[in-house]
Amino acid sequence: VLQGRSVVLRPALSEDLPRFLDILRSPEVALWWGNPPAADELDDEFLGPEVTTFAVVIDGAVAGLIQYHEENEPDYRSAGVDIALAPECHGRGFGADAVETLARHLFESRGHHRLTMDPAAANQRAIACYLRAGFKPVGVMRQYERGADGTWHDGLLMELLRDEFS
Ligand SMILES: CC(C)(COP(=O)(O)OP(=O)(O)OC[C@H]1O[C@@H](n2cnc3c(N)ncnc32)[C@H](O)[C@@H]1OP(=O)(O)O)[C@@H](O)C(=O)NCCC(=O)NCCS
């Protein structure tokens, strides 16, 4: 369990999956996360071997999820992070708190030296949140992901290096 300033990150459990799905189905989140997974894909998406997912707990209730996947090829080792919070929690500093808290864990306990995030280039709130957590924009990845409207959208590659993290 990872303690942030206001948020607590605890390993996700199968009991969290319905709440995660509710959050991913909210229009404010689906706009950026795309179509929510089908019910039978949830286990793989959040509890499968490729990712590690934490529930973001605020005032004792699950208010979101944050997850990382690791590239473990030794010469390219790094971790990528994704996050979604329930709409009623947006814009109150919880996202930056959760990202910083997970970043500390990835540097200090998982031994990473480089973290990445890849928000849509138009997702200004996510970009502002990750800047606040210390990530730096690296460059625009053109036509990086297909959006909910079915067209390809640019993404922004953002990085945080251990040497830059305080
Ligand atoms: C992205 C997300 C995790 C950020 O968490 P958050 O708690 O809302 O973010 P924070 O409050 O920590 O920081 C938000 C920053 O955006 C700014 N902001 C808020 N609304 C904004 C808007 N509409 N446009 C631009 N900036 C905005 C805030 O001022 C703040 O910046 P500051 O610290 O420089 O003042 C959350 O909003 C979310 O889950 N959004 C929907 C799903 C999503 O986009 N996930 C990310 C996919 S990469």
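The values are calculated or read from the model by the stated rules, or taken from the named source; none is laboratory data. This structure is a prediction, so every number in the text was calculated from the model and none was measured. Here the Cβ positions follow ideal geometry from the backbone for every residue, glycine too, while neighbour counts run over all protein chains shown. All accessible areas refer to the heavy atoms of the entire protein, side chains included, with ligands and DNA or RNA removed. Shrake-Rupley method; radii C 1.70, N 1.55, O 1.52, S 1.80 Å.
Averaging Cα coordinates gives a centre for region 1-66 and one for region 67-85; these two points are 16 Å apart. How would region 1-65 be classified by its alpha-carbon gyration tensor: rounded, prolate or oblate, with rounded meaning a/c under 1.5 and the a/b versus b/c comparison settling the rest? Note, shape of region 1-65 comes out oblate. The residue among 31, 56, 66 whose Cα reaches farthest toward the positive pole of the charge dipole of region 1-76, with charges on the beta-carbon of Lys, Arg, Asp and Glu, is 56. The slack between residue 77 and residue 124, meaning 0.36 nm per residue of separation minus the straight C-alpha distance, is 14.1 nm.
Remark: region 28-37, residue by residue, has Karplus-estimated 3J(HN,Hα) of 5, 8, 4, 3, 9, 8, x, 4, x, x Hz, where x stands for each Gly or Pro and the curve is 6.51 cos²θ - 1.76 cosθ + 1.60 at θ = phi - 60°. Contact order normalised by length for the chain, with contacts defined as Cα pairs under 8 Å and 6 or more residues apart; what percent is it? That works out to 20 percent.
When 45, 159, 50 are compared by accessible surface with a 1.4 Å probe, the order from highest to lowest is 50, 45, 159.
About the centre of its Cα atoms, region 1-113 shows a dipole size close to 520 debye [charges on the beta carbon of Lys, Arg (+1) and Asp, Glu (-1) only; nearest 20 debye]. For region 15-166, what does the alpha-carbon gyration tensor say about shape, rounded, prolate or oblate, given a ≥ b ≥ c as the root eigenvalues, a/c under 1.5 as rounded, and a/b over b/c as prolate? The shape class here is rounded. The stretch between residue 145 and residue 2 holds 48.4 nm of extra length on full extension. This uses 0.36 nm per residue minus the Cα-Cα distance.
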